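Quick one: the structure is below, and I'll ask about it shortly.
Throughout, read-outs are computed from the coordinates displayed, never taken from laboratory work. The structure presented is a predicted model; accordingly, all values stated were derived computationally and were not measured. Glycine also receives a Cβ, built like all others from the backbone with ideal geometry; neighbour counts cover every protein chain displayed.
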Amino acid sequence: MTFAWMLTLSEDGTADVVRKLRSVGCVFAEEEAHLLISCAHSPSDLAAMLGRRVAGIPLEYIVGWAEFCGVHISLDSGVFIPRPRTELLAQEALAIAKEFDKASIVVDLCCGSGSLAAILAAAFPGIELHAVDLDPAAVQCAGRNISSARVYCGDLYDGLPVHLRKRVSLIVANAPYVPTSAIPMLPPEARVHEPQVALDGGTDGLDVYRRIAAEAPQWLKPGGHLLIEVGDTQAPLARNIFEQSGLASRVVHSDRHDATVVIGTVSHMPAR
Ligand SMILES: C[S@@+](CC[C@H](N)C(=O)[O-])C[C@H]1O[C@@H](n2cnc3c(N)ncnc32)[C@H](O)[C@@H]1O
């Protein structure tokens, strides 16, 4: 995107934006400056955007999108910002979905902006996608990002139509998993600007995942999978929770993504 006014922005002007960003501790000040400049429609627009950034508003809320798996995900203020580490969850889900036929059903629980579902929809246009979030702002945002999916507002599985029971091939869930006591240690961009409901996973961080795992066998078809993202140290307990819910489990960790995914699978043998 090039606007005529940008041609008049001197090198000094750009350097000034970088300097202001650096002065408030922006680590990637040069990259952020170029992004703000390329997204602003006029000098006054740039000044307003810079003012919001200097005040601590996350860059993604200012430009209105976040990049996830190389795709621009439209984002409204107050909706969880997709994290680069969640690309591991997307990658693992894509690898599993490769084996699916066209009629397969995929659910994104706690979908937020719908970033995970959007990547799955782009890779497998034929699959039937359903996405759920408790927060109406997230639901609205997800609806824009995944036009091919049905997006519901609701509490986990309560949001889903009952006819999906025992028919789902894959559930992906990047639910809140920060232990309540760790919330005050989060960077202000998350702590102040993202909703508590998107972050707080209860005492050990795994409260929402306990509920997701407990009900997963009622929604997954035989051989179906549940994929979740957790913190590295939470993985053994998360596996335990999966096993107690009747899901065979394994862990995938990536140093490159600094991310951990737990994969649960329902037995191929239908329960009697
Ligand atoms: C960590 S954010 C992740 C969002 C998205 N999956 C992503 O990776 O960008 C967790 C999301 O879960 C939603 N959420 C929290 N509790 C929920 C519940 N009980 N039912 C449905 N959604 C819930 C929040 O509103 C938030 O959008």
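Any chance you could count the Lys pairs in the chain whose alpha carbons are under 24 Å apart, treating pairs 8 or more apart or on different chains as valid?
Total qualifying Lys-Lys pairs in the chain comes to 5.
Name the residues whose placed amide hydrogens come within less than 5 Å of the amide hydrogen of CYS111, ignoring near sequence neighbours (fewer than 5 apart) on the same chain.
Here the answer is VAL132, ASP133, since their amide H atoms fall under 5 Å of that of CYS111.
In the range 106-129, whose amide N lies under 18 Å from the spot 7 Å out along Cα-to-Cβ of VAL197? List them in ranges.
Hits in the range 106-129 for VAL197 at 18 Å: 108-115.
Ok, one more. Relative to the longest principal axis of the C-alpha atoms of the chain, give the angle of the C-alpha long axis of helix 87-97, reported between 0 and 90° and rounded to the nearest 10°.
40 degrees
What ranking, highest mean first, results for peptides 100-112, 155-167 when packing means the other Cβ atoms within 10 Å averaged over each residue?
Ranked from most to least packed, the peptides come out as 100-112, 155-167.
Relative to the first principal axis of the alpha-carbon coordinates of the chain, what is the inclination of helix 207-219, with its axis defined by its Cα atoms, in degrees from 0 to 90 and to the nearest 10?
Helix 207-219 and the main axis of the chain meet at about 50 degrees.
Suppose we keep just the DSSP beta bridges with both residues in the range 64-182; what percent of those would be antiparallel, to 5?
Counting DSSP beta bridges with both partners in the range 64-182, the antiparallel share is about 25 percent.
Over all directions, how big on average is the projection of the convex hull of the alpha-carbon atoms in the range 4-138, in square nanometres?
Result: a mean projected hull area of 9.7 nm².
Same structure again: Can you work out the base-10 log of I(q)/I(0) for the chain at q = 0.13 1/Å, using the Debye formula on its C-alpha atoms alone?
Cα-only, vacuum Debye calculation for the chain: -0.86.
With just the Cα atoms of the range 63-146, tell me how far they stretch along each of the three principal axes, in Å, largest first.
Projected onto the principal axes, the Cα atoms of the range 63-146 cover 36, 23, 16 Å.
With the crude spin-label approximation of a point 7 Å out along Cα→Cβ, what separation in nm comes out for HIS268 versus ARG85?
According to this spin-label approximation, the distance is 3.5 nm.
Please compute the length gained on full extension between ASP155 and GLU189, using 0.36 nm multiplied by the number of residues separating them and subtracting their Cα-Cα distance.
The span from ASP155 to GLU189 would gain 9.7 nm if fully extended.
For q values of 0.14, 0.20 Å⁻¹, compute log₁₀ I(q)/I(0) with the Debye formula on a Cα-only model of the range 136-272, without solvent.
-0.72, -1.31
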